[in-house]
1. Enumerate the residues in segment 883-917 having an amide nitrogen under 14 Å from the point lying 7 Å beyond the Cα of Gln956 toward its Cβ.
2. Provide the convex hull volume over Cα atoms per residue for segment 456-606, in Å³.
3. Within the set of other residues whose C-beta is less than 9 Å from the C-beta of Phe569, count the net charge using Lys and Arg as +1 and Asp and Glu as -1.
4. By the gyration tensor of its Cα atoms, with a ≥ b ≥ c the square roots of the eigenvalues, what is the shape of segment 579-633: rounded for a/c under 1.5, prolate for a/b over b/c, or oblate?
5. Please quote Rg/Rh for segment 691-765 to two decimal places, taking the Kirkwood radius as Rh and restricting both calculations to Cα atoms.
6. How large is ³J(HN,Hα) for each residue in segment 357-366, as worked out from phi by the Karplus curve 6.51 cos²θ - 1.76 cosθ + 1.60 (θ = phi - 60°), to whole Hz, x for Gly and Pro?
7. What is the calculated FRET efficiency for Asp303 to Gln4, with r their C-beta to C-beta distance and R₀ = 25 Å, to the nearest 0.05?
8. I'd like the distance separating the alpha-carbon centroids of segment 1-24 and segment 527-596, in whole Å.
Amino acid sequence: MTDQEFQTRFLRLIALTWLLPPMVGFSFLLYIEVFTFDQLLIMLGNPLKQTFLVGGFLLALFYFHRFSLPLKTFLSAPDPINQLLALKVLQRFPLHFWLVFISYISLAPAAAIISLEMSSSYVARPVDWFRIHLVALIVSIIVGLPIFIRIYDLFGKTFGHIQLQRPIITLKTRVFLIGALIPLLIDTMLVQYYWTRTGFFSAETFIIWVLLECLAIAGTLLFVRSFNQSLAPLNRLINTPADSLTHKIHPASTDELGIFATQLGKLLDGQQLHQQRLAFSNDLLKASHSHENLARLLQTIVDRTCQTLDGAACFLSLYDPGNNRLVCVARSNADYNQEGHFHVSLNDTSLVIDVFKSSQPQIVQNAHSDSRINQKLRQLYNIQSSAAVPLIIEDETIGVLQIASINKFHHYNDHEIKTLQAFAQEAAVIQTFFEGLKERRKAETAITQIMQGVSAATGADFFNAMTINMANILRADSCGIVTILPDSGREVETLAYFHDGKIIPNLQYTLDGTPCETIIGKKPRTFSKNIQETFPQDTHLCEQGIESYVGIPLSDSHNKPQGLLFAMFRRTIENIEFNESVMRIFAARTSAEIERTQTEKRIKHMAYYDSLTGLPNRVYLHDRIQQAIAHAERNNTRLAVMILDLDHFKKINDSLGHPVGDALLIEVAQRLRKCIRKEDTVARLGGDEFIILQSGFESRESAINHISHIAKQLHETLKIHYTISEHSLMITASCGIALYPNDGKTTEQLIKHSDTALYKAKERGRDGYQFFSSEMNAAAVERLEMESDIHRAIKNKEFEVVYQPKVCISDNRIIGAEALLRWYAPGRGYISPDSFIPIADETGQIIQLGEFVLHQACEQTSRFWCNSGSCDEHNRLSINVSPRQFKQDDFIDKLQKTLDQHQTKTECIELEVTENILIEDTRAVSKKLQILKDLGIKISIDDFGTGYASLRYLQQLPIDMIKIDRSFITHINENEGDLAIVKTIITMAKNLHIDIIAEGVETREQIERLEQLGCPYYQGYYYSKPVSRDEFFEMLQQQRQASKKMQCK
């Protein structure tokens, strides 16, 4: 629709809006007899009424004529500025329309009444004013709404193609406006109701009913027609075949459906463009073997661009670097011309030249006033408006695609520019193929030879084959593959170097002053001539007379630099692009092979070496031992396997953290390497355990002498202080040694027996070494059997708890007892606790045994004292707690549950711990002991004097009692040293207000001595051996009865 057609239709509807209300209103007023016909004539003859009607009509036409000018301007010149102004007018129209129209309708009744009163004797009553204004309101609905909707239908047809951010009139607004006609339909229903109820139906009533019904139907039809106009673009799309994407959507409304139709139209345009680009790609693949087919594709690009954008002319210009100009090789309505339909020099002023130089799209709205349009070209093709975009490949502009409008001006919007760019990109791809076709024939032969080289071998053979094939293809004098040396950013090594027809052994050199320095980790570079002048420090270039050089950087799959691929020539390079393209193919395959070989090395290293220390691991060690055994068997020699374990390493890990522990292990590994021969092997089994394999000894004696010397050297070396993370550490090691063939003839036997010897070395106080012996093996077997027996005994409930009384020296009264674990094995009798307790402690079985003792002891404590109300500080049961059990995080929780389960009072329980617990983690131990103390449980130190406790620990920790070990009591009357120790312990305990008891008392003389020294309590065989629960309960009962008799006396 043209601008003039739109304005004519628009002003007709405005005129109809102002002409219809007077005619409809006066007719209705006459019909309902508000005025007579004569009164209407008098009223219309009054100058006031005439002025109001004619003036209002002309004023409305003038106002809306001016209001519609931006819309008319946009239709004649659809640029962005005019489009923005048109949108603003469309958005403001409802407010202006209804404001002017309602003002007109509101003033019309007053003008009518005043005009009649001025020209006659008529005087209007208030009810007349109401009736006339009511008629005006009905007229505004009957006339204003339909015309308003028709105006917006006109807007939809004319401006529906504009991309709206929001609807000008929404569907909800339409429905609301049409809903205003519903009361008219209700009026007709009232007429029918009145007729039905009264039975009165005159001709007048019928006419009124018919008129109202017609109005309601007309309003509904008007709404349906308007809504159909909004749906028309979508209906046309629905009726289009599903496989066709050529249908264009032209929005016909300004509501939500209009916006939806506009956006859908753009999506379909994009889909159509995408489909065309896919078709071009398929055609490109089919035509890639022929110059003629590629030329046809370029011509097709131009024709389809012109068709898609409704352009009258389209031009494709390509850059000619030889003549520094753009050559138009294809234009619409003409065949492809490689020589060019016309040429434009880069020195000229032109739209295509500006686009080519700036690599940005540009638009010329008016070719007559814009100097960027070549005047000869404008006159030749009658160009009015034009747009152009660059052809870009890999950030390089290779040409320009231009579209032009002929005979009329045209504004190119963003969508059209993006479409033009899409076609330009396809043209750039086609042209790249077009240029590459000349080199493809030559490259085909090169690729064939490359494939032969690739399939030749792997590793070193592969690299040699690659350099030989590359030299043959490029006719190079030298070709090489260079890789960066590990831990060195400035030194490289050749993986393969083919020079003057032969493979040169690999060599290392620094990057400084060489062409490699400018390529590794950067971009490919070609020095086509004068390479010696560019790199005068590279003597190899001068010695070999090299003139030119090509280098391609090598990178792995993570883009990490690996090295480079190079080719050197004694001549100037002419075809730079061909050389680089061939070498890129070689470089890609070479990078993959380098990464594969490096990955293979890493995998092998991970499989055979420890990741922390870099030492061989268990797998590698087993292989080395098997090889050493085979060699020793053939040559009748001896070998030794030494297992080394760091003493108390776990304490360092627990107290200082694993990072410090790991750093210590690394330092230990380094020291071990320095202590052994080159032919020996040191490996890490895991944790803090290492194995040293030494071989080549002529006799057992020489092996023992050498190993003993090495063991002493290791111990001295490892004792030297370590400084790690500001910690000064000292650590010792225990070693176990097994010799081949005396101690084992297989890898498994040698490792097993050396481990047995290590265990013996630890038993002897650590910080030493021990050779394996058959006796050790028997002890190890016995130990394993004992571990199994303990497990079975727990399952079969062979353990029991016995009770040894604790006695007051002064009055020989029982003050408590110690709960002791005993094991009665069927067929073997009682087994000494010294035989099974250490093994149970080492294997962790002591935790189960300790929980068993705890339950039994609490149950009997309740029986002995709690149930009878006899609990006090002199009636307590002592329970031994092993270090493993005490360290359990849930030890206190389990203890509380056990006490609650058996209703045992805490003041009747005393826990005995060893001195060694006190020194491991004083803070944690003190915290746990204090919790126990707060619960009311007493704490006793068992076997005091045999461990590492000190006065400081006794001062810091909440200790209630010290138990003097039996080793000091046995010879207290014969050994002055034991006597002095006991005396010191008693004095110290009294000063610290700690109770004391002696264990292992067996004679009267020992009791007398302890009484002299001030020791108040004792336990031992002198009073009673450990007895069963019933026997001890009987002892308590007898003591209670005796006490009652004494009280009676």
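The numbers here are math on the coordinates, done by the rules we state, and not lab data. In this text, all values refer to a predicted model and were calculated from it rather than measured experimentally. Note that each Cβ is placed from the backbone with ideal geometry, even for glycine, and that neighbours are counted across all protein chains shown.
1. Answer for segment 883-917: 916-917.
2. Working: hull volume 16.1 nm³, N = 151.
Spelled out: Cα convex hull of segment 456-606, divided by residues, is 107 Å³.
3. Numbers: positive: Arg475, Arg570, Arg571; negative: Asp477, Glu547.
Once all neighbours under 9 Å are counted, the net charge is +1.
4. On the way: a/c = 6.58, a/b = 2.82, b/c = 2.33.
Taking the square roots of the gyration eigenvalues as a ≥ b ≥ c, segment 579-633 is prolate.
5. Checking Rg against Rh, the ratio lands at 1.06.
6. Result, ordered by residue: 6, 8, 6, 10, x, 9, 10, 10, 6, 10 Hz.
7. Numbers: r = 34 Å, r/R0 = 1.37.
Step by step, r from the Cβ atoms, then E = 0.15.
8. The two parts, judged by their Cα centres, are 80 Å apart.
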